[in-house]
Amino acid sequence: MRTRLEDRSNVVLLTRKAFGCCVVAGLICAVLAGGSATAQSRWVSGWTFVPTTNLGPSAPSSPPNPNDIRGPVGPAVVMNQTLTQTVRVTASGSALRFRLSNRYGTTPVVIGAMTVSLSGSPPVSVTFDGQSVISIPGGAPRLSDPVALTVNALDDVTVSTFYPDETRLPAHRLRQAISEADTTFRVRQAGSDLARFGVLLQGVDVQTDRPTGVIVTFGDSITEGVTATPGGPGGWPERLGSRLWGESDRWSVVNAGIAGNRLLRRGSGPSGLERLDADALAVPGIRCLIVLEGINDIGRPMQAAYAHETITARDLIAGYRQVIARGHASGIRVVLATLLPFEGADYFSDGGEATRQQVNAWIRTTGEADGVIDFDMATRDPARPSSLLAAYDSGDRLHPSDAGYATMAESVTTGICD
């Protein structure tokens, strides 16, 4: 027969078990609730510009092109000067944060002040761990504190950065305005006095509760859009971003193109395979990667400085397979785009055209990628498929015109990244 003491002990034991179950259940509920809250408010990239350095063989120097549509080249070094740039974000949200990069710098970069403003609004200070003045070590990135500023997709965001000390800017350039001393809190309207300066700002992130995924467009000058008219709709990535946002609020399209970039080898910055993780797979909110790269791998060996770096179609295909495998390992859809026609370009050759045709045939038929965009078919001259259609040629037989970029953006199938 049980004693009262035994009964009491059992009651206590059962009570403790019940209490433990409640605690565990409560913790599970709390974790689930916390996960739900995190999913409702997250950071996604609204704009990207990748840094570069001068790596690989050095081609013979050439004088600046006075007719370059992007404008004059500014100094590589600034001191006690403010640089102001305006970028267009492709995501909507309630706050912004800024990604700076001194990835290829060998010495620290001092930021004396940074501000952000929307069109017609006064500048707001950008801080880093609560500080306005910071030093970014060589080789390091830096992420700003959030700035509570409501933005809508396709809003223009102006960022001004003051460099108090002598600073060598990154090699990759973007149109900016320059002024003496600290003018970060001056409201400045974009004008015709813009020149191309190196850019420390690598990205603008947007805090959003919308179901927005990020598409990273990855490639060379045709992706960067070097021949797009400044102040216009931009290259094919920017036009695609405007188009997709007009159809839904599901995608932010950011541009990770570098003029002159190659997939397999250095030159005009690190190779595509070398920079893939930092410039694409690590972009906040990425869900899809569109790759248009390889024409410089084919054409560059026709130039004396790169003659020892010839490649085959098999080499490029192996490179694409690496991109696909690494993207899939990160849970990202990878879409390949065919290479545009380039007959008449400075580095065209019959052998290079044969390689391009082999590569494009593989891209069209491979089942390894998650999707294919046929930019070759969209832009080529039906009467001479090795050449761009005249209306789509910027004049150098390699880069598209504004009409060409528009056609490229329209040729992207809706749902390609779903």
Item to complete: Pairs only if they're at least six apart or on different chains, beta carbon under 9 angstrom, first in the stretch 170-182 and more than 14 Å from E224 (Cβ to Cβ), second among the acidic types (D, E); list them, first residue then second.
Response: A177/D193; I178/D193
Discussion item. Considering only residues that are without any contact (Cβ under 8 Å) to a residue 40 or more places away in the chain, over 26 Å from V77 (Cβ atoms) and either in a strand (DSSP E or B) or of a type outside the set (S, T, N, Q) (or both), which ones fall in the stretch 100-150?
Written reply: G120, V124, D129, G130
Worksheet item: Out of the residues in the stretch 364-376 that are over 19 Å from E343 (Cβ atoms) and within 23 Å of the chain's Cα centre (by Cα), which is surrounded by the most Cβ atoms within 10 Å (Cβ to Cβ)?
Response: I373
Worksheet item: Looking at this structure, is T208 among the hydroxyl-bearing types (S, T, Y) and within 17 Å of the chain's Cα centre (by Cα)?
Response: no
Discussion item. Among the residues of the stretch 313-351, what is the count of those that are in contact with a helix residue (DSSP H, G or I) (Cβ under 6 Å, 6 or more places away or on another chain), among the β-branched types (V, I, T) and under 16 Å from L273 (Cα atoms)?
Written reply: 2
Discussion item. Out of A140, A228, A171, A153, I need the residue that is out of contact with any Phe, Trp or Tyr (no Cβ under 8 Å at 6 or more places or on another chain) and not hydroxyl-bearing (S, T, Y). Which one?
Written reply: A140
Discussion item. Given the condition of a type in the set (D, E), in the same structural domain as Q322 (by TED's automatic domain parsing) and under 22 Å from H399 (Cβ atoms), answer yes or no: does some residue in the stretch 282-294 qualify?
Written reply: yes
Practice prompt. Considering each residue of the stretch 380-418, count those that are buried (at least 16 other Cβ atoms within 10 Å of the Cβ), of a type outside the set (A, V, I, L, M, F, W, C), under 24 Å from the mean Cα position of the chain (by Cα) and not in a strand (DSSP E or B), and give that number.
Written response: 8
Discussion item. Quick check on T223: is it part of a loop (DSSP other than H, G, I, E, B), modelled with pLDDT of 95 or more and in the same structural domain as T379 (by TED's automatic domain parsing)?
Written reply: no
Practice prompt. Report the residue count in the stretch 312-340 for those that are of a type outside the set (S, T, Y), assigned to a loop (DSSP other than H, G, I, E, B) and crowded, with 20+ Cβ neighbours inside 10 Å.
Written response: 3
Worksheet, complete the sentence: Flagged in the stretch 112-134 as exposed (fewer than 11 other Cβ atoms within 10 Å of the Cβ) and of a type outside the set (G, A, S), in numbering order, are P122, D129, Q131
Worksheet item: at negative phi and more than 15 Å from the chain's Cα centre (by Cα): does that describe L289?
Response: no
Worksheet item: Any idea which of T184, T217, T227 is buried (at least 22 other Cβ atoms within 10 Å of the Cβ) and more than 20 Å from the chain's Cα centre (by Cα)?
Response: T184
Fill in: Residue in the stretch 244-275 that is surrounded by the fewest Cβ atoms within 10 Å (Cβ to Cβ), counting only those that are of a type in the set (S, T, Y) and outside any strand (DSSP E or B)
S248
Worksheet entry | Matching residues, the stretch 292-307, being buried (at least 20 other Cβ atoms within 10 Å of the Cβ) and more than 21 Å from F218 (Cβ to Cβ) | P301, Y306
Practice prompt. Take the residues in the stretch 74-111 that are more than 20 Å from the chain's Cα centre (by Cα) and among the small types (G, A, S), then tell me which one is surrounded by the most Cβ atoms within 10 Å (Cβ to Cβ).
Written response: G74
Worksheet item: Of the residues in the stretch 40-91, how many are of a type in the set (A, V, I, L, M) and either assigned to a loop (DSSP other than H, G, I, E, B) or modelled with pLDDT under 80 (or both)?
Response: 8
Discussion item. So, A278, is that one without any contact (Cβ under 8 Å) to a residue 60 or more places away in the chain, under 30 Å from A313 (Cβ atoms) and surrounded by fewer than 21 Cβ atoms within 10 Å (Cβ to Cβ) or not?
Written reply: no
Response to the item:
Exactly one of T183, T208, T217 is at pLDDT 95 or above, touching a Gly at 6+ places or on another chain (Cβ under 8 Å) and closer than 28 Å to G120 by Cα, and that residue is T208
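The values are calculated or read from the model by the stated rules, or taken from the named source; none is laboratory data. If you're wondering where the values come from, they're calculated on a predicted model, not measured in any experiment. Using ideal geometry, Cβ is built from the backbone for each residue, glycine included, and neighbour counts are taken over all protein chains shown.
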